[in-house]
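Right, one structure below, let's go through it.
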Amino acid sequence: MKNTIVGIITLLLFTTVIPGFSVIHSRYYIEDQKNAQEYLRIEVQQVSKDWCFVCSSRDIRVTAKVIEVMRTANNITPGNTIELRYRYTAPSRGRVGPGTFPLLEKGRIYPVFLNKTGNGSFYIPAAGPYSFTPLDNQNN
């Protein structure tokens, strides 16, 4: 009986407390932001999502106009139109771990940290869920 109680307490400890330590602190994404090829301010022109009735994750394509360039490795200039792709997962209650990408909204302006893909036709988030939020003074 005593071993059963200890086993239940141990199981509860590992399923409720320990996963809380797997959340990644935002400071670890600062390096990813500093290493991003692009640090821009964009205005979202169009957002398209793959169709799925009951999916919690969806592929997102964003067409955006570049408003301001803070840093670029690909010669982006204000006024350029770029395409951004990422996977959006709806946040769920009790979810632990790295955050999710936000679902960008048409007409809104966002700061973004991006990298160009291998084939060069679109950009992807460079700093995980913090690709849309400056975490540090980015004067580099």
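The values are calculated or read from the model by the stated rules, or taken from the named source; none is laboratory data. If you're wondering where the values come from, they're calculated on a predicted model, not measured in any experiment. Heads up, the Cβs are rebuilt from the backbone with ideal geometry, glycines too, and the neighbour counts pull from every protein chain shown. When the accessible area is computed, the model is the full protein with side chains, heavy atoms only, and any ligands, DNA or RNA have been set aside. Shrake-Rupley method; radii C 1.70, N 1.55, O 1.52, S 1.80 Å.
Could you list, in sequence order, the residues of the stretch 65-95 that are without any contact (Cβ under 8 Å) to a residue 24 or more places away in the chain, surrounded by 13 or more Cβ atoms within 10 Å (Cβ to Cβ) and either over 18 Å from Val112 (Cα atoms) or of a type in the set (A, V, I, L, M) (or both)?
From the stretch 65-95, those without any contact (Cβ under 8 Å) to a residue 24 or more places away in the chain are 65, 75, 77-80, 91, 93-95; that's our starting set.
Okay, now just the ones that are also surrounded by 13 or more Cβ atoms within 10 Å (Cβ to Cβ), so 65, 80, 95.
Hit for the stretch 65-95 is Arg95, nothing else.
Restricting to the stretch 50-64, and then to whatever is closer than 21 Å to Leu114 by Cα and β-branched (Val, Ile, Thr), can you tell me which residue is surrounded by the fewest Cβ atoms within 10 Å (Cβ to Cβ)?
Thr63
Could you tell me how many of the residues in the stretch 101-132 are touching a residue at least 40 places away in the same chain (Cβ under 8 Å), hydroxyl-bearing (Ser, Thr, Tyr) and either open to solvent by 50 Å² or more (accessible area, probe 1.4 Å) or in a loop (DSSP other than H, G, I, E, B) (or both)?
Total satisfying the criteria: 1.
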